Protein chains: 2
Amino acid sequence: MTRLDLFIDRMVSQRACLDHAIAETALIDGPVFELGLGNGRTYHHLRERIGDARPIYVFERAIASHPESTPPDERVILGDVTETLPATLQRFGPVASLIHADLGGHNAQKNDIFARKVSPLIEPLLAEGGMMVSSDRMYFDTLTEMPLPGGAVQGRCFIYRR
Amino acid sequence: MTRLDLFIDRMVSQRACLDHAIAETALIDGPVFELGLGNGRTYHHLRERIGDARPIYVFERAIASHPESTPPDERVILGDVTETLPATLQRFGPVASLIHADLGGHNAQKNDIFARKVSPLIEPLLAEGGMMVSSDRMYFDTLTEMPLPGGAVQGRCFIYRR
C-alpha cells in the first residue's frame with residue numbers, strides 16, 4: 001500500500017464519516033466544531049452540507065486556508081486548542097452537535113500523544129447524542145466508539161458518540 | 001460539489017491514470033520524471049509501483065517531502081522547471097517513458113498559464129510511445145490526448161502520448 005493509497009483512503013473515509021455524522025446529528029441544534037482548518041477542504045464540505053442549519057466554529061492557530069474555504073471572523077476561535085477548548089466549554093457549555101478533528105501530522109506516534117492530550121478537552125464539549133469524527137484514534141471515558149458507515153475504511157477514521 | 005469532493009476525485013483520478021500509464025509504458029526503458037514533489041505521496045506511489053525497473057527523477061525547487069517519500073540526491077533535479085527541463089533534454093535526450101506533473105495550485109487561471117508555459121518544455125522529453133499524466137490540461141502540438149482509464153473522473157486528470 002502506497003502513501004497515496006493511504007491518503008485516498010483517509011480522505012474518502014473522512015467524507016463518509018462526516019456525511020454519516022451530519023445526518024445522525026441533524027436534529028441537534030448545537031454548534032459544529034472543526035478542529036484544525038488547514039487548507040479548508042473539510043470546512044468547505046461541512047459548510048456546504050450543513051448550510052445555515054448549525055453554526056460551524058473553526059479552531060486554528062492561524063488561518064491559511066483557500067479563499068473559498070475561509071470562515072467568517074466571528075466563527076474562528078484562534079489559539080492553541082489546549083487553551084481554546086477549555087475556554088469554549090466555559091463559553092458554550094456541553095452543546096456541540098458534531099466535532100471533527102484532523103489534527104494529525106506525518107508522525108503517527110506524535111499524533112497519538114496529541115490525541116491522548118486533547119481527548120479529555122474535547123469530551124465534555126459534546127451534547128447528548130452529539131458525535132465526534134476523528135482521523136486519529138481518540139481516548140474518551142464516556143463516549144462510545146461507533147461502527148463506520150459504508151465507504152469508510154477501518155482504521156482510517158473513527159466515530160464516537162455521547 | 002464540495003472542495004473535498006473535488007480533491008478526492010483528483011487524487012483518485014491521478015492514481016488511476018498513473019497506474020494505467022505505468023502499465024502502458026512498462027516496455028520502455030527510459031526514465032520517469034516527476035515534476036513537483038510536494039509531500040511526496042505520488043512519488044512514493046510511483047516508486048512502489050515501478051520499483052527498480054526505471055529510474056525516477058524528481059524536479060523540485062526545494063525538497064520538503066515526508067521522510068518515506070524523499071528521493072535520493074542523485075535523482076533530484078533542483079531548480080525552476082523552466083530552466084531544468086531544457087537542461088534535462090540536453091542531458092538525456094528524448095527518452096522519458098513517463099512524465100507526471102501535478103504543478104497546479106489553487107488558482108485555475110494561474111495553473112492554465114503555467115501549463116501553457118511548460119507544455120513546450122515537457123513535450124520534447126518523451127520517448128516514442130511515452131506518456132504524460134497531468135492534473136491540468138496541457139498544450140502539446142505533437143502528443144495525442146488519450147481516453148482516461150476506468151475509475152478516473154473526466155477533467156480531473158489528463159493523459160497524453162507520443
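The values are calculated or read from the model by the stated rules, or taken from the named source; none is laboratory data. Keep in mind the model is a prediction, meaning the values are calculated, not measured. Cβ sites come from the backbone with ideal geometry, for glycine too, and all protein chains shown count toward neighbours. Side chains included, ligands, DNA and RNA excluded: accessible areas come from the protein's heavy atoms. Shrake-Rupley method; radii C 1.70, N 1.55, O 1.52, S 1.80 Å.
Worth a mention:
- Hull shadow area, averaged, the range B:109-162 [alpha-carbon convex hull, nm²]: 3.7 nm²
- Among B:Gly150, B:Pro94, B:Pro120 - extreme Cα towards positive end, dipole of the range B:70-162, charges at beta-carbon: B:Gly150
- Antiparallel %, DSSP beta bridges [both residues in the range A:3-161], to 5: 30 percent
- Karplus (6.51, -1.76, 1.60) ³J(HN,Hα), θ = phi - 60°, over the range B:142-155, in Hz, Gly and Pro reported as x: 10, 9, 9, 6, 9, x, 7, x, x, x, 8, 9, 3, x
- Residue (of A:Met138, A:Gly79, A:Ala108) at the positive-pole extreme of the range A:10-162, dipole from beta-carbon charges: A:Ala108
- Amide H contacts of A:Tyr139 (H built 1.01 Å from N, in plane; Pro and chain starts excluded): A:Ser119 sit under 5 Å, all sequence-distant by 5 or more or on other chains.
- DSSP-loop chymotrypsin sites (Phe, Trp or Tyr not before Pro) across the range A:1-50, with at most 13 other Cβ within 10 angstrom: none
- Mean Kyte hydropathy of -0.5 or more with a Cα span along the axis of at least 30 Å, helices from DSSP in chain A: A:3-24
- Counting only Cα atoms, the size of the range A:34-99 along its three principal axes is 30, 26, 17 Å, in decreasing order.
- In the A-B interface, the accessible area buried, summed over both sides, Å² (probe 1.4 Å): 2300 Å²
- Environment charge of B:Gly79, counting only residues whose C-beta is closer than 10 Å and scoring Lys/Arg +1, Asp/Glu -1: -2
- Hull volume in cubic angstrom per residue (convex hull over the Cα atoms of the protein assembly as shown): 137 Å³
- Once backbone amide H atoms are built at 1.01 Å from N, B:Ile77 has B:Val58, B:Phe59, B:Glu60 as its partners under 5 Å, excluding neighbours fewer than 5 places away on the same chain.
- Pairs of alpha carbons in the range A:1-72 separated by more than 21 Å make up 31% of all such pairs.
- Antiparallel %, DSSP beta bridges [both residues in the protein assembly as shown], to 5: 30 percent
- Annotation: B:Ile8 carries an accessible surface of approximately 10 Å², with a 1.4 Å probe and no ligand, DNA or RNA atoms counted.
- Placing +1 on the Cβ of every Lys and Arg and -1 on the Cβ of every Asp and Glu, with no other charges, gives the protein assembly as shown a dipole of roughly 40 debye about its Cα centre.
- Computed from phi, the 3J(HN,Hα) profile of the range B:60-69 under the Karplus parametrisation 6.51, -1.76, 1.60 (θ = phi - 60°) reads 7, 6, 8, 7, 9, 9, 4, x, 6, 10 Hz, with x in place of Gly and Pro.
- Taking N as the residue count of chain A, its C-alpha radius of gyration divided by 2.2 N^0.38 Å amounts to 0.96.
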